[in-house]
Amino acid sequence: MNGPVARPSDYESFPYVTRGIDYSAVELVDPSHRRSTFSPELDEEDCRRVERLLAENVVVSFHDHPQLLPADMGDVDTFLRTKQEQTAFTELRRSGLTAIFDNWFGVIGGTRRSGWKWDDLVTTLGLRLADIAHQEGVVVARRVADILAAKRNGQLAFVMGTESAGMIENEIDRIDVLYGLGIRQMGLVYSDANTLGGGQKETRDGGLTVFGHRAVERMNALGVLVDVSHAGDRTSRDAIDASSTPISITHAGARAVWPIARMKPDDVLRALADRGGVLGIEAAPHTTLAHDHRAQSIESVMQHFVHAVDLMGIEHVAFGPDTLYGDHASFQHAISDVIGSSTVFDPGGLEVEKITHVDGLENPTENFRHITGWLVQHGLSDSDIRAVLGGNILRLLGEVWR
C-alpha cells in the first residue's frame, strides 16, 4: 500500500449508487492524510490576516484535481478505467476556495493506456455533473456571476475543463457540445501532439494546425477559455497570437527558473501577459524546482511566482497547483510513459532530489492557506494578494466568458 486507506465515510461521491456493485471498488486514500510540514512564520496578527484574506476574497484554483488516488498504485490501471471518480468534497470545503477549475476529464484522457475517446469524455463529464448535482453546497460555474454567487452563498463552484481537446478529433462542432455540457476551459494539447497542435512531449513542435486555428476561433466565439499549459512552445505562441481574447496557461512555471520542457520560456510568458492572459503557477511533483531548491517545496514553487510577477506583472499571475489527494509522485511514476516524464521533466543533467510530496502544497485542502501565509510572510499588500488569489482570474473570465 502507498498510503492510508479511506474510511467508508470518505467516499462521498455518487451517493445514489453502491460502490463495489455499480462501479469499481478500488481502495482509495484517506483524503485527510497529511505529510506536509510547512508552516509560515507568522505572528497572531498575521494569522488573523491570512484568515481574513481567505474569508473576504474570491479564491480560485486555476487548476487542481480534487479526486482521491488509489491507496495502492498497483491498482492504477483499474483506477484509470473507472469513470466514477471520488471527490473529497468535505476536504474542499475546508480549503478556503471559492472556485476550482476541475480538469479531471483531461488528465484521465491523457493517461489511459489506449487514449480517451469522445464517448469516454462525454460519459465521464455527465457522471461528474450528476455527482455534483447531488452534493450540498456545490455548484457548477458557467458564468462569472456564478462564482460571485458561490462566494456570497458560502458554496464551492466547480469550473469544468479539459486538459486536452484531442477527443474532439477533427469535429469542430464538438466544442459547441462541450460548451453546452458546461465546459468553460479547454487545453489544446496534453503532451502528445493532436489535430490542433504540438505538445511538450514532442521533440518537434509544428505549431497550431489549420484545424487548431479553427478550434481557437470557435472557442473564442463560444466563450471557452483557451489553455496551453501542456502545448509546445510554438503552439503556445501561435495560440496566443491567434486568439481574439486573452488565453491562459492554467498550470506551469518559468523555464528561466528551472530548465525543463514542462515549464514555459520567458518569451511565451511575456506574450501571454501582453495579450492580457494569466499564468497559474504549478506545484505538481518534479515540476517547479529551482537551481537552489532542488528538493521541490513551496519555496521553489514561489521562486517561479516571483519570477513571473517580475516578468509579466502581478496582474497576470495566479495559482494552479495541480494537486490531488494521495501519492502524486508515485502516480506520476505509474503513468510516466504517458506523461512523457523522461522528456518533459528532464533538466538536462542537473542533479535533482527526488521527493515523495511537495512540502506545503500537497493537496487542494492546504494549498491556498499556505500560499496566502507565504504571501503575507513576504510582505505583499492586501490588493496584490487579492489579485493573485482570484481577482486576476475573474478579470480574465470576464473578458472571455461573454
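Accessible area per residue, 1.4 Å probe, Å², for region 206-323: what's the number?
Averaged over the residues of region 206-323, the accessible area is 28 Å².
How much of GLU56 can a 1.4 Å solvent probe reach, expressed as accessible area in Å² and rounded to 10?
Taking all protein chains as shown, GLU56 has close to 120 Å².
May I ask you to give the percent of accessible area on region 1-112 that is carbon plus sulfur, with a probe radius of 1.4 Å?
46 percent
Quantify, in whole percent, the carbon and sulfur part of the accessible surface of region 116-168 (1.4 Å probe; protein heavy atoms only).
Ligands and nucleic acids excluded, carbon and sulfur give 51 percent.
Please give the charge dipole size of the chain, origin at the Cα centre, charges +1 on K and R Cβ atoms and -1 on D and E Cβ atoms. Round to the nearest 20 debye.
Here the size comes out at about 840 debye.
Note down the nm distance, to one decimal, between modelled labels 7 Å out along Cα→Cβ at ASP346 and at ARG270.
It is 2.8 nm.
How much length is gained if the chain between GLU399 and GLU136 is pulled fully straight, taking 0.36 nm per residue apart and subtracting their Cα-Cα distance, in nm to one decimal?
91.7 nm
Just order 43-55, 358-370, 301-313 by mean Cβ neighbour count inside 10 Å, highest at the front, would you?
Going from most to least packed, we get 358-370, 301-313, 43-55.
Rounded to the nearest 20 debye, what is the charge dipole size of region 226-373 about its Cα centre when +1 sits on each Lys and Arg Cβ and -1 on each Asp and Glu Cβ?
For this selection, approximately 200 debye.
Which of the lysines could a cross-linker bridge to LYS354, judged by Cα under 27 Å and excluding same-chain residues fewer than eight apart?
List returned: LYS201, LYS264.
On the protein heavy atoms, probe 1.4 angstrom, tell me the percent of accessible surface of region 232-315 carried by carbon and sulfur.
Roughly 47 percent, rounded to a whole number.
Out of all DSSP beta bridges in the chain, what portion is antiparallel? Express it as a percent rounded to 5.
Approximately 15 percent, going by the DSSP bridge assignments.
To the nearest 0.05, what FRET efficiency results for GLU45 and LEU148 with a Förster distance of 25 Å applied to their C-beta separation?
About 0.30, to the nearest 0.05.
Any idea which of MET167, SER248, GLN200 is furthest toward the positive side of the dipole for region 135-270, if Lys and Arg beta-carbons carry +1 and Asp and Glu beta-carbons -1?
Sorting the options by dipole projection puts first SER248.
Express the accessible area of region 14-125 per residue in Å², computed with a 1.4 Å probe while the remaining protein chains stay in the model.
Here the residues of region 14-125 average 40 Å² of exposed surface.
Assigning unit charges at the beta carbon (Lys, Arg +1; Asp, Glu -1) and nothing else, what dipole magnitude in debye, to the nearest 20, does region 1-78 show about its Cα centre?
120 debye
Among ILE260, THR209, TRP374, flag the residue with its Cα farthest along the positive direction of the charge dipole of the chain, charges on Cβ as +1 for Lys/Arg and -1 for Asp/Glu.
With unit charges placed on the Cβ atoms, the residue in question is THR209.
Given 0.36 nm per residue, what is the gain on full extension from ASN170 to ARG81 after removing their alpha carbon distance, in nm?
My answer for the length gained is 29.6 nm.
If contacts are Cα pairs under 8 angstrom and at least 6 residues apart, what is the relative contact order of region 210-303 in percent?
Answer for region 210-303 is 23 percent.
For a quick protection proxy, order the peptides 256-262, 325-331, 58-64, 182-188 by their average other-Cβ count within 10 Å, most packed first.
In decreasing order of mean packing, 256-262, 325-331, 58-64, 182-188 become 58-64, 182-188, 325-331, 256-262.
If amide H atoms are built 1.01 Å from N in the plane of the peptide, which residues on other chains or at least 5 residues away come under 5 Å of the amide H of ASP72?
When sequence neighbours closer than 5 places are left aside, the close amide H contacts are ASN2.
The values are calculated or read from the model by the stated rules, or taken from the named source; none is laboratory data. What you see is a predicted model; the values in this text were computed from it and never measured. With ideal geometry, Cβ positions are generated from the backbone for all residues, glycine too; neighbour counts draw on all protein chains shown. In case anyone asks, the SASA skips ligands and DNA or RNA and just uses the protein heavy atoms, side chains included. Shrake-Rupley method; radii C 1.70, N 1.55, O 1.52, S 1.80 Å.
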